[in-house]
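Enquirer: Dropping the structure in here first, questions after.
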Amino acid sequence: MIPIVAYVAIGLFALSAAAIYFVFVSFAFGAGYEPTYRRAVEAMLRLAEVGPRDTVFDLGAGTGAIVFRAARVYRARAVGIEIEPVRVLWLRLRRAWGPLPDRVEIRWGNFFDVDLGSATVVATFLWGGAMARLRGKLERELRPGSRIVSHVHPIPGWTPVAHDAETDVYLYRWAGADAPVTDRGSGTTARP
């Protein structure tokens, strides 16, 4: 008979290996993992005024905090894009077993290779370098009126129409290549 200590040791080893994979292996895919806290998720969806007519793209969906909240609470169609395969499996399991699976889509891949043209809201929690690279893609692919919310890192060269200092969430509204718009008379433009 195997002593209980052996089971505990095996369990701790398995949990440690999973944690190491989940947190550190993501660097091999080009992005580290840091969860978006619930207050920040709520601020992102609230600032973007997400509703049932929206399609929310979460770039680097991680464990799905934004995707599943957008679908469940705001009744939006939500598309999570994640490159790391174990997280994609986790997201797909959550989708299959969770409420509203018809409102959630999980895509495995690099969000730089995904067409964002159908998004009305784009949510990000990416590093500064990724935000700089993402700017051109957003400018090329988003439709006028699309909203972009970013946690912690602003989009270089763009002026946010709102910033929640408590959660460090930035809101942008894309006006299109020709006509910058202002947000509710504030005078701030949504594009460079």
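The values are calculated or read from the model by the stated rules, or taken from the named source; none is laboratory data. Just so you know, these numbers come straight off a predicted model, no measurement behind them. For neighbour counting, all protein chains shown are included, and Cβ atoms are generated from backbone atoms with ideal geometry for every residue, glycine included.
Enquirer: Among the helices (runs of 4 or more DSSP H) contained in the stretch 1-113, which hold 3 or more residues that are at pLDDT below 90 and more than 14 Å from the chain's Cα centre (by Cα)?
Expert: 4-24
Enquirer: Quick one: count up the residues across the stretch 139-148 that are over 20 Å from residue 43 (Cβ atoms) and in contact (Cβ under 8 Å) with a residue 24 or more places away in the chain.
Expert: 6
Enquirer: While we're on this one: Please determine, by comparing only the residues of the stretch 139-149 that are outside any loop (DSSP other than H, G, I, E, B) and out of contact with any Ser or Thr (no Cβ under 8 Å at 6 or more places or on another chain), which one is surrounded by the fewest Cβ atoms within 10 Å (Cβ to Cβ).
Expert: Just the residues of the stretch 139-149 that are outside any loop (DSSP other than H, G, I, E, B), to begin with: 139-141, 147-149.
Adding the requirement that they be out of contact with any Ser or Thr (no Cβ under 8 Å at 6 or more places or on another chain) leaves 139-141.
On the way: 139: 16, 140: 11, 141: 16.
Looking at the filtered set, the residue picked out is 140.
Enquirer: Show the residue pairs meeting these rules: Cβ distance below 6 Å; 6+ apart or different chains; first residue within the stretch 98-127 and free of Cβ contacts under 8 Å to residues at least 60 places away in the same chain; second residue assigned to a loop (DSSP other than H, G, I, E, B) and among the basic types (Lys, Arg).
Expert: No pair meets every condition.
Enquirer: Out of the stretch 152-169, which residues are farther than 14 Å from residue 36 by Cβ and not aromatic (Phe, Trp, Tyr)?
Expert: Passing the criteria: 154, 155, 156, 157, 159, 160, 161, 162, 163, 165, 166.
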